[in-house]
Amino acid sequence: MPAKRVASKKKTTRAAKKTAALQVPRITYATLAITPDDDKKYDDAVERVRQELGKHFPNFVNGESRPSSGGENAHASPVDTRKVVSYFPKGTREDAQHAIRVAHEAFGKWSAMDYRDRVKLMRRAADRLIERRYAISAWMAFEVGKNRAESLAEVNEAAELIRYYCERMEFHKGYVLPLESPGKGQKTVSVLRPYGVWAVIAPWNFPMALATGMSAGALVAGNAVVFKPSSESPVAGYEIYRAFADAGLPNGVFNLMVGPGATVGAELQENPGVNGLIFTGSKEVGMQVYHNFAKGYPKPVIAEMGGKNPAIVTASADLDEAAEGVMRAAFGFDGQKCSANSRVYVDRAVKDKFLELLVEYTKNRVKVGDPTRKETFMGPVINQAAVETYLRAADEARRGGGKFLFGGNAIKTGEMEHGYFVEPAIVELDKKHRLFQEELFLPFLVIDAVDSFDEALALSNDSEYGLCAGIYSRDQKEIDVFFDNIQAGVTYSNRRAGSTTGAWPGVNSFGGWKGSGSTGKSALGPYYVQQFMREQSRWIVG
């Protein structure tokens, strides 16, 4: 007996050490806690990835590489458009049809697998992402221009999304719930079952976290997936595929299909073999998918769309806290977040002091440049269209009487000459101007004074979107009224780390109301996984 206890203890210790080895310091969007060791490993990864730029990648279906008859697409880096990051196939409708058929063939065995076995494989995929986090982060810098702290945080979030959804599946014991017995020798059970094949259409701005979370929700529930990453971030999509494949997911359960929206995207929306679809992107495209996906009968669509996220700064606010929180939420990843703080309503009594502090924080903290460099806060925006939207908005604000307190220009000097760089923009503008309504998806913040908290709350709710909102106030009654009346799915009070940004798996659910989301159930939260399942009631005799 003693020998057995010792052996068991040694086994437990080894398991504990293995688990500990996979744990890393929690780099989140709030902490951005980069250590010297992180810096060194990231810099080394950047140099390795720099040597791999211009690599040719295939799609992967049924565990096999699949070139496309549609040719290849070259993706230039937004940091320096003279550099091609990668070449990927231009997937065709026929390629997508093949992937859907393969996914259906794989679905049966995957859905029949005990949920505990699926969870084991999924957690291995999370481990693979953490092991490769520096290289993946370096690829993101070249591919979408994300800085080191935010990209490392994103890879951590992707892994934690997998783990959290696995925990939810375990907590609910596979979503099997015994009901009241109808009589002697009989029982009834509620079982949530996967739909079949889900299409995952992912965005470029969070090419790891959002894409991984969407896919993980579908997979842990027992569905097979055809995954279309954005053409702006296909390497990140490849790394997600590689993590799942190396973790041991059966062939055909997760298929990578890069290609244009007009071919692959259209086929995933129109093919009757796709049983459910999840999309993250613009409201315009999301609503199109929402209306067009289900033709013959209702099918689930999870559409996660944009935001025009307000912050309210009241007369009683800690203005230093508010200024830093707004700066971080407005200019993190160049404002290219659906959660970005893009409009502020500040009490007239404290407006001048708040603006002074906000400009100071922006001037001192928001360095624009090469995203691989440690000191960079803002890299490039994603493409030339984004630059043109920024310049159009700046011109429109000026013509509308706006006062630029900071920024408002594109940058074409020095190392930024060949990239898509713009200044962080802070504009004092009439609150009736349409730039308080339009989602720009850029580092462009509009601000105006209000005369009361009630006015600020009414203006905050005057939007087709309802994703994120924040308040800065020392008045508990104002805070309570804000939470009870704001029309947004993600809400914050007095948050220095970000007025409207920073959600984290299992900590802060993330999802929108109104034109920001279709289901009312949030990602990163406790109700997410069951959206990928449907209920079956079982009456069992004997």
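Of the options His433, Val346, Ala211, report the single residue whose Cα projects farthest towards the positive end of the charge dipole of the chain (beta-carbon charges: Lys, Arg +1; Asp, Glu -1).
The residue sitting most towards the positive pole is Ala211.
Return the sequence-ordered ³J(HN,Hα) values of segment 66-74 in whole Hz as given by the Karplus equation 6.51 cos²θ - 1.76 cosθ + 1.60 applied to θ = phi - 60°, using x for Gly and Pro.
Each residue's phi maps through the Karplus curve to give 9, x, 10, 6, x, x, 10, 10, 9 Hz.
I need the P(r) histogram for segment 400-452: all alpha carbon pairs, bin width 10 Å from 0 out to the longest distance, whole percents.
P(r) over segment 400-452, rounded to whole percents: 23, 45, 23, 8, 1.
Nothing charged except the Cβ atoms of Lys and Arg (+1) and of Asp and Glu (-1): what's the magnitude of the dipole of the chain about its Cα centre? Round to the nearest 20 debye.
Numbers: 70 positive and 64 negative charges, 546 e Å.
My answer is approximately 2620 debye.
Show the residues, 5+ positions off or on another chain, whose built amide H is closer than 5 Å to the amide H of Ala76.
Residues meeting the amide H criterion: Val85.
Largest first, please: the extent of the C-alpha atoms of segment 309-504 along each principal axis, to the nearest Å.
51, 36, 30
Relative contact order, percent, of the chain when contacts are C-alpha pairs under 8 Å separated by at least 6 residues? Please report the intermediate quantities before stating the final value.
Working: 1218 pairs, mean separation 92.0, N = 542.
Over the chain, the number comes to 17 percent.
Please report the antiparallel percentage of the DSSP beta bridges confined to the chain, to the nearest 5. Don't skip to the answer; put the middle values down first.
Details: 30 of 70 bridges.
The answer is about 45 percent antiparallel.
Which entries in the list Lys41/Lys363; Lys83/Lys146; Lys337/Lys432; Lys353/Lys403 go over 21 Å, if you measure between the two C-alpha atoms of each?
Over 21 Å apart, Cα to Cα: Lys41/Lys363; Lys337/Lys432.
How big is the C-alpha Rg of the chain next to the rule-of-thumb value 2.2 N^0.38 Å, as a ratio?
So the chain has a normalised radius of gyration of 1.00.
Please list the equivalent ellipsoid semi-axes of segment 430-542, computed as the square roots of five times the alpha-carbon gyration tensor eigenvalues, in descending order and whole angstrom.
34, 17, 14
Among all the lysines, which ones have a C-alpha under 22 Å from Lys187's C-alpha, if same-chain residues fewer than 8 places away are not counted?
Counting by Cα, and skipping residues close in sequence, Lys187 has these lysines nearby: Lys173.
Of Ser86, Ser316, Ser111, how do they rank once you tally other Cβ atoms within 10 Å and put the fewest first?
Ordered by Cβ neighbours within 10 Å, fewest first: Ser316, Ser111, Ser86.
Determine one quarter of the surface area of the Cα convex hull of segment 64-122, which equals its mean projected area, and express it in nm² to one decimal.
The number I arrive at for segment 64-122 is 6.4 nm².
For segment 343-356, what does the Karplus curve 6.51 cos²θ - 1.76 cosθ + 1.60, with θ = phi - 60°, yield as ³J(HN,Hα) per residue in whole Hz, taken in order and with x for Gly and Pro?
Going residue by residue, I get 8, 10, 10, 10, 4, 4, 5, 10, 4, 5, 5, 4, 5, 4 Hz, with x marking Gly and Pro.
So if the hydrodynamic radius of segment 364-404 is defined as the Kirkwood radius over C-alpha pairs, what does Stokes-Einstein give as its diffusion coefficient at 20 °C and 1.002 mPa s, in µm² per second?
Stokes-Einstein gives a translational diffusion coefficient of 180 µm²/s.
What Rg and what Dmax come out for segment 37-305 when only alpha-carbon atoms are used, in angstroms?
Using the Cα atoms of segment 37-305, the pair Rg, Dmax is 19.1, 75 Å.
So who's got an amide H within less than 5 Å of the one on Thr280, skipping anything under 5 residues away but keeping other chains? H placed 1.01 Å off N, in plane.
Long-range HN contacts for Thr280: Ile201, Glu304.
In whole angstrom, note down how far apart the Cα centers of segment 341-409 and segment 480-542 are.
After rounding, the separation between the Cα centres reads 29 Å.
Less than 14 Å Cβ to Cβ from Leu442, Lys/Arg counted +1 and Asp/Glu -1: what total charge do the surrounding residues give?
Result for the local shell: -3.
If you take the Cα atoms of segment 185-280, find Rg, then find the Kirkwood Rh from the mean of 1/r over all pairs, what is Rg/Rh?
1.05
With only alpha-carbon atoms counted, please give the Rg and Dmax of segment 31-162, in Å.
Just the Cα atoms of segment 31-162 yield Rg and Dmax of 17.7, 49 Å.
When Val84, Val368, Val200 are ordered from fewest to most other Cβ atoms inside 10 Å of their Cβ, what list results?
With the sparsest Cβ surroundings first, the list reads Val84, Val368, Val200.
Bear in mind that the values in this text are calculations on the coordinates, not laboratory data. What you see is a predicted model, and the numbers here were worked out from it, not measured in a lab. For neighbour counting, all protein chains shown are included, and Cβ atoms are generated from backbone atoms with ideal geometry for every residue, glycine included.
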